[in-house]
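The values are calculated or read from the model by the stated rules, or taken from the named source; none is laboratory data. Since we're looking at a predicted model, the values are computed, not measured. As a convention, Cβ positions derive from the backbone with ideal geometry for all residues, glycine included, and neighbour counts pool all protein chains shown. The accessibility values were calculated without ligands, DNA or RNA, using every heavy atom of the protein model including side chains. Shrake-Rupley method; radii C 1.70, N 1.55, O 1.52, S 1.80 Å.
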Amino acid sequence: LRAFGVFGPSDKDYSNASGTADVIVDIPANSTLSDFGVILHDADVVGSVGAFVSAADGQTMSGGFYKLRTQIPAATAVEMMTDGTAHRVGRMVVPEGLQLDNKTGIDGKITPGIFQMISDATSVTVNGEQIGVSITQLEQAAADDTPEQLGVPQWARPTVEKLTGDHRRIEGLIAPGTWETIDPHHSATQILHDLVQASALRFEQWGLLGESGSSLTPYETLVAASVVEREVASPEDYAKVARVILNRLEKGQRLEMDSTANYTARVTNIDVHGEAYRADTAWNTYRVEGLPITPIGAVGQSALEATLHPADGRWLYFVTIDREGTTLFADTFEEHKKNRE
């Protein structure tokens, strides 16, 4: 009815591109341009649905949260909503293998972690007031809230409960990919709950609770897959690395994976030595037997599927030998030494 002008002029438009005030609007996924127009008109961003639909001229727009201004021309609203991510709020893209915490590389470069991404995605100033969540708030919620409050699936709860007080207990439970609708008005607890719960569905869709080519539990599979993902660059090698991990576990041989030592290292280094190598943590597989206590990063679909369906082989060792990521696998340590050379 609004689109047809029943409740006022169907083509009313504002003229001041600066607008009058900040406003955050929430556009549901799969909304039509008319839906966009109705929401923006209700929020007093545009003067009419008709003016917005006309200005949009059939352009494709994404749902999500946008920081806009009230009482602006429809053409300005369209421009703000189609200029990339400049006016998007609550959107983040998590790459595979990313940790919760920021990590510093040997070159001094800092890789933002998932908590940093959430904070950046939700932190926005609206009419002089700062909203959003901080890294500290996310760490506190992850460490102290109950598994139920955090949306942790049943298959991950034993470890999460065991590590109460340590925010790393939910490591790996937020899946990689694009997250479009993190509500900046929500608390840290609610944001983590929604992300963890939605991630569990992704993992299950990727087959985590289905048939597996190993004797690992679903949570152990997620842990192993996180190591697989961080150990080699090429997804083509994932299934073979998964087999190495399973063979070592079956044999009772320590995994001794550099990625697990780097997980808690102050500085990430491809050449693990010194303090990182000796670190007495529940993640360092140079010091503990079996798998790390939690995943060591966000597990992608390829690594998870490779761990669920590992390659056949007796390999116990592997080493990447060039910058292109070529990786050689070996059954014996003598063969492995030759590959290292």
task: Rounded to the nearest Å, what's the spacing between the alpha carbon centres of the stretch 125-165 and the stretch 181-228? Just the number, please.
output: 15
- line: the stretch 305-341 and the stretch 36-81 have their Cα centres apart by a whole-number Å value of 54
message: Quick check for me: using +1 on Lys/Arg Cβ and -1 on Asp/Glu Cβ, what's the dipole size of the stretch 86-231 about its Cα centre, in debye to the nearest 20?
response: 180
message: On a full-extension model of 0.36 nm per residue, what is the gain between Ser123 and Glu211, subtracting their alpha-carbon distance, rounded to one decimal in nm?
response: 27.6 nm
Sequence of Val299, Val53 from largest to smallest accessible area, 1.4 Å probe: Val53, Val299
Lys/Arg +1, Asp/Glu -1 at C-beta; the chain dipole; positive extreme among Gly213, Asn247, Gly108: Asn247
query: Is the shape of the stretch 218-340 rounded, prolate or oblate, going by the alpha carbon gyration tensor and its root eigenvalues a ≥ b ≥ c, with a/c under 1.5 for rounded and a/b larger than b/c for prolate?
result: rounded
Residue-averaged [θ]222 nm for the chain, counting only DSSP H segments that reach four residues, each worth -39500 (n - 2.57): -10500 deg cm²/dmol
query: Given R₀ = 51 Å, FRET efficiency for Ser18-Thr104 by Cβ-Cβ distance, to 0.05?
result: 0.80
task: Answer with a single label: of (1) -0.39; (2) -0.24; (3) -0.30, which was calculated as log10 I(q)/I(0) by the Debye sum over Cα atoms at q = 0.07 Å⁻¹ from the structure in view?
output: (1)
query: Separation between the Ser62 and Glu256 pseudo-spin-labels, each 7 Å from Cα along Cα→Cβ, expressed in nm?
result: 4.5
field: Net lengthening on full extension, Ile131/Asp44 (0.36 nm per residue, minus Cα-Cα)
entry: 29.2 nm
- prompt: Which whole-percent values make up P(r) of the stretch 21-89 when all C-alpha to C-alpha distances are grouped in 10 Å steps starting at zero?
  reply: 24, 65, 10
- prompt: Size of the dipole of the chain about the Cα centre, Lys and Arg at +1 and Asp and Glu at -1 on the beta carbon, nothing else charged, in debye to 20?
  reply: 440
field: DSSP bridge pairs, the chain: antiparallel proportion in percent, nearest 5
entry: 90
message: Quick one: 3J(HN,Hα) in Hz for the stretch 90-106, Karplus 6.51/-1.76/1.60 with θ = phi - 60°, rounded, Gly and Pro as x.
response: x, 10, 8, 10, 9, x, 5, x, 6, 8, 5, 8, 5, 10, 9, x, 4
- request: Could you calculate the contour length gain from Ser234 to Asp35, that is, 0.36 nm times the residue separation minus the distance between their Cα atoms, to one decimal place in nm?
  value: 67.4 nm
query: Once both labels are modelled 7 Å past Cα along the beta-carbon direction, what's the Thr70-Asp83 spacing in nm?
result: 2.1
message: Tell me the net charge near Asp312. Cut-off is 11 Å between Cβ atoms, Asp312 excluded, with +1 for each Lys or Arg and -1 for each Asp or Glu.
response: +3
message: About the Cα centre, and with charges only on the beta carbon of Lys, Arg (+1) and Asp, Glu (-1), how big is the dipole of the stretch 193-236? Nearest 20 debye, please.
response: 60
